[in-house]
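Please treat every number below as a calculation from the coordinates, not as lab data. Computed from a predicted model, the values in this text were never measured in an experiment. Virtual Cβ from ideal backbone geometry, glycine too; neighbours counted across all protein chains shown.
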Amino acid sequence: MTDHIIIGGGVIGLTLAYSLACQNESVVILERRACGQGTSRAAAGMLATDIELREELHTLAARSRRLYPLLARRLKRETGIDCGYREQPFLLKRNGQEYLFPSVGQIDPRRLTTALMHALRNRGVPIEEQVDVTRIEESNDFIRVESNTGTWTGRTVTVAAGRGSQALLDTAGISIATHGVKGECLAVRLAGQPLRSILFDDAVYLVPKADGRILIGATELPHDETIGVSVAGVTSLLQAAEHLYPPIRNAVIEEVWSGVRPQTESGLPYIGVADSSRRIFIGTGHHRHGILLAPATAEVLANTLRLTLKEEVR
């Protein structure tokens with residue numbers, strides 16, 4: 001039996017597992033498909049300013065921004081992988097006003113999840129992929145997780161499976177309210193005219209990456225959980241991007257993709273122990289701020305999980 005079972009191998013689940021593993025807690029990760037290939041892969045990696053966030057998230061976001069450079073450096077030491085953390089100017093245009101921030105962080109979500117997976121494997125943490133969890137059952141002494149590939153038992157389970165979290169929790173008699181919000185994005189490359197600032201307005205954002213790509217996103221399609229990218233979505237993004245930064249018309253499209261982000265009815269994520277439970281925890285519903293809030297979410301959950309186990313020993 002392991003101390004902690006984490007269901008979901010996106011940025012939230014991987015960061016939580018890493019935080020626990022660094023404290024020598026035993027962890028196993030169960031992922032329905034392949035780790036880091038869901039919504040986390042679709043994100044642009046901006047560490048958003050407070051103007052973009054609800055006031056209730058400011059403290060959590062500030063903590064994440066302080067943790068990110070430390071996390072990136074630690075992962076680089078352990079794995080040799082550069083997570084793409086950097087700070088650069090950020091120009092926000094909203095409601096006819098312009099806000100220039102001289103230094104706002106960003107991370108490369110794909111490199112980040114890859115580095116987390118390497119670090120976890122280096123520490124001996126099992127990462128089980130292609131595992132379709134069918135039932136979570138809580139008893140007084142342990143958690144039982146049933147799946148298409150086998151059964152796991154642990155002292156706690158954390159459900160961090162994005163949009164899939166709601167169905168998983170239903171099997172344990174726990175209800176949360178989320179819906180999917182599809183977002184479409186694309187990456188372009190602009191020769192000879194590097195963009196050195198993140199640009200963000202009401203319709204679009206442009207995020208320059210260290211490898212020369214510019215990420216353009218993202219559409220917001222509530223209750224749409226289809227896969228693929230529409231011509232209408234790409235067209236609207238490119239038109240808005242050209243209006244915000246005219247040189248983009250000369251860029252070459254390299255990739256298009258989409259992801260479905262979990263949104264709660266309240267607009268705030270679920271972080272902590274589930275109602276009426278002692279051993280089932282939740283980390284989901286972050287909508288478009290999952291990358292930003294991952295380190296602080298992991299810190300809160302890891303501290304709570306460790307405290308739960310310590311209290312059992314007393």
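Once you keep just the Cα pairs under 8 angstrom separated by 6 or more residues, what percentage relative contact order results for the chain? Walk me through the numbers on the way to the answer.
Values: 674 pairs, mean separation 73.4, N = 314.
So the answer I get is 23 percent.
Convert each backbone phi in the stretch 220-236 into a coupling constant with the Karplus relation 6.51 cos²θ - 1.76 cosθ + 1.60 (shift: θ = phi - 60°), then list the ³J(HN,Hα) values in order as whole Hz, x for Gly and Pro.
10, 10, x, 6, 10, 10, 6, 9, x, 10, 8, 4, 4, x, 5, 4, 5
Please order Trp152, Trp257 by the number of other Cβ within 10 Å, starting at the fewest. Provide the component values of the computation, followed by the final result.
On the way: Trp152 21, Trp257 15.
Least crowded to most crowded, the residues run Trp257, Trp152.
How would you rank Val256, Val188, Val207, Val157, going from fewest to most other Cβ atoms within 10 Å of each one's own Cβ?
Sorted ascending by nearby Cβ count, the order is Val256, Val188, Val207, Val157.
Given labels modelled 7 Å from the Cα in the Cβ direction, how far is it in nm from Ile253 to Gln130?
3.3
Between Pro194, Pro295, Pro69, where does the largest GNM mean-square fluctuation fall for the chain, given springs only between Cα atoms within less than 10 Å?
Evaluated over the chain, the most mobile residue of the options is Pro194.
Please list 3J(HN,Hα) in residue order for the stretch 120-129, calculated via the Karplus relation 6.51 cos²θ - 1.76 cosθ + 1.60 where θ = phi - 60°; whole Hz, with x for glycine and proline.
So the Karplus estimates, Gly and Pro as x, are 5, 5, 4, 8, x, 7, x, 10, 9, 9 Hz.
Run through every distinct alpha carbon pair of the stretch 6-94 and return the Kirkwood hydrodynamic radius in angstroms, one decimal place. Before the final figure, lay out each step's value.
Details: mean 1/r = 0.0664 Å⁻¹.
Evaluated on the stretch 6-94, it is 15.1 Å.
Going by C-beta contacts inside 10 Å, put His243, His287 in order with the fewest on the left. Don't jump to the answer; show the numbers that get you there.
Numbers: His243 12, His287 19.
Result, fewest neighbours first: His243, His287.
Gap in Å between the Cα centre of the stretch 1-64 and the Cα centre of the stretch 100-137?
7
Cα-based Rg (one decimal) and Dmax (whole number) for the stretch 185-225, in Å?
Cα only, the stretch 185-225: 11.9, 40 Å (Rg, Dmax).
Quick one: dipole size for the chain, taken about the Cα centre, charges +1 on Lys/Arg Cβ and -1 on Asp/Glu Cβ, in debye to the nearest 20.
940
Tell me which residues come under 5 Å, amide H to amide H, from Asp224 once H is placed; ignore anything under 5 positions away on its chain.
Lys182
Give a residue-ordered list of calculated ³J(HN,Hα) values for the stretch 47-62 (Karplus: 6.51 cos²θ - 1.76 cosθ + 1.60, θ = phi - 60°; whole Hz; x for Gly, Pro).
9, 3, 7, 5, 4, 7, 10, 5, 4, 5, 9, 4, 5, 5, 5, 4
So which aspartates and glutamates pass the test for Lys76, namely a Cα distance under 20 Å, with those fewer than 8 places away in the same chain ruled out?
Straight-distance partners of Lys76: Glu87, Asp108, Asp211, Glu299.
Most fluctuating residue of Thr149, Thr219, Thr284 in a GNM of the chain with Cα springs under 10 Å: which is it?
Highest fluctuation of the listed residues: Thr149.
Between Ala191, Ala21, Ala61, which gets the highest mean-square fluctuation from a Gaussian network model of the chain, Cα cutoff 10 Å?
Looking only at Ala191, Ala21, Ala61, the biggest GNM fluctuation is shown by Ala191.
Expressed as cubic angstrom per residue, what is the convex hull volume of the alpha carbon set of the stretch 38-138?
Considering the Cα atoms of the stretch 38-138, their hull volume per residue is 164 Å³.
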